[in-house]
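Visitor: A single structure is presented below for examination.
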Protein chains: 2
Amino acid sequence: MRVWVFGDDIDTDALAPGKYMKFDIDEIARHCLEAVDPAFASSVKAGDVVVAGRNFGAGSAREQAPAALKHLGIAALIAESFAGLFYRNALNLGLPALVCPESRRVRSGDRVQVDFEKALLVNLTTGETLACEAIPPHLVQMVRDGGLLPHLEKRLKCPTTS
Amino acid sequence: MRVWVFGDDIDTDALAPGKYMKFDIDEIARHCLEAVDPAFASSVKAGDVVVAGRNFGAGSAREQAPAALKHLGIAALIAESFAGLFYRNALNLGLPALVCPESRRVRSGDRVQVDFEKALLVNLTTGETLACEAIPPHLVQMVRDGGLLPHLEKRLKCPTTS
């Protein structure tokens, strides 16, 4: 898993640009983060990891922001901090997101392994293991189930009313 | 609604101190924020509003942190940014939380009105209205219903399996 490093305050408009919001997620994902790194969307590979600074996912609540990252195959998001609505949406979509106070120690191109359940980021390039903030077991399970809706379907075993 | 202003990086241990975690929410709430403002928990009144800086609710995922604020009758939380897990827990408990880039314009003791649906903070003391980041309608409805569990009970109309 190759790391793509981004800075502070990456907002939802950088992740899912407003001018493409009328298109489907395939098209939106193609433009994910292009304002920050034009090569990202065409070069990223399934299983890669995004590592960022503070306040990742700031701005609007648009669910397409984490959806675009998931669509590109991003395996996990690691940041010093996340914007609340983005963080909620990411976990609800089944996209693992971990808060790591030392995320700045990771470099673009490093190869890493992320253990979501244990909240660990293992940097295979440097040999370092960085501790992230623990995720409650019920949220680990929800993400493993693929997000909130599949998780509820599995737990509730009855049709929703809408 | 009187405002209580706090700074950056107020963590969950300040909100729900670790040494009281073995007690019930009534006792935990009595010590809410005592490390920052010893008068807070005994002076705050139902309907008051907490206004903070960046990264409010950082640290552990303990649900007692937003639960203590709710137990004290806090009507809304306004911050420049929230920690992701705290933010998730707050909305799930039915505690309105809004991101306001200009939260620093509010002073302790100001009287305010918070419109969660319109994402507005009206400062009755200064006459200013501050725009907060919009909340998606389904989350407004969830908070209005009293949080995630009452919201799901209402929507799903069938018993859970656990």
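Visitor: Where the centroid of each part is defined by its Cα atoms, how far is segment A:113-140 from segment B:96-162 in Å?
Guide: Rounded to whole Å, the Cα centres lie 32 Å apart.
Visitor: List every residue whose amide H lies under 5 Å from the amide H of residue A:93, counting only residues 5 or more places away in sequence or on a different chain, with H placed 1.01 Å from N in the peptide plane.
Guide: When sequence neighbours closer than 5 places are left aside, the close amide H contacts are A:148.
Visitor: Related question: Give a residue-ordered list of calculated ³J(HN,Hα) values for segment A:29-40 (Karplus: 6.51 cos²θ - 1.76 cosθ + 1.60, θ = phi - 60°; whole Hz; x for Gly, Pro).
Guide: 4, 4, 10, 4, 6, 5, 6, 9, 8, x, 8, 4
Visitor: Right, another one. What are the nm distances, shortest first, from residue B:136 to its equivalents in the other copies, labels at 7 Å along Cα→Cβ?
Guide: Ordered by distance, the counterparts are at 2.0 nm.
Visitor: Please work out, to two decimal places, the log10 of the ratio I(q)/I(0) at q = 0.07, 0.09, 0.10, 0.11 Å⁻¹ from a Debye calculation in which every Cα of the protein assembly as shown carries one identical scatterer.
Guide: Here log10 of I(q) over I(0) equals -0.28, -0.47, -0.59, -0.71.
Visitor: Nearest 500 deg cm²/dmol is fine: what mean residue ellipticity at 222 nm does the protein assembly as shown get from its DSSP H runs of n ≥ 4 alone, each adding -39,500 (n - 2.57), divided by its residue count?
Guide: On the way: 14 runs with 96 residues, N = 324.
Helices in the protein assembly as shown give a 222 nm mean residue ellipticity of -7500 deg cm²/dmol.
Visitor: Something else about it: First select every other residue whose beta carbon is under 10 angstrom from the beta carbon of residue B:59; then total the charges, Lys and Arg +1, Asp and Glu -1.
Guide: On the way: positive: B:62; negative: A:133, B:9, B:11, B:13.
Taking every Cβ under 10 Å from that of residue B:59, the sum is -3.
Visitor: Short version: what are the Cα gyration tensor semi-axes of segment A:1-131, square root of 5 times each eigenvalue, largest first, in whole Å? Numbers along the way, then the final one.
Guide: Details: eigenvalues 103, 45, 32 Å².
Sorted largest first and rounded, they come to 23, 15, 13 Å.
Visitor: Once the convex hull of the alpha carbons of segment B:22-67 is built, what does its volume come to per residue, in cubic angstrom? The partial results should precede the final answer.
Guide: On the way: hull volume 4.4 nm³, N = 46.
Once divided by residue count, the hull of segment B:22-67 is 96 Å³.
Visitor: Quick one: how many Å² of residue B:1 are accessible to a 1.4 Å probe, rounded to 10?
Guide: 80 Å²
The values are calculated or read from the model by the stated rules, or taken from the named source; none is laboratory data. Source: prediction; values computed, not measured. Backbone-built Cβ (ideal geometry, glycine too); neighbour counts: all protein chains shown. We work out accessible area using only protein heavy atoms, side chains counted, and drop any ligands, DNA or RNA first. Shrake-Rupley method; radii C 1.70, N 1.55, O 1.52, S 1.80 Å.
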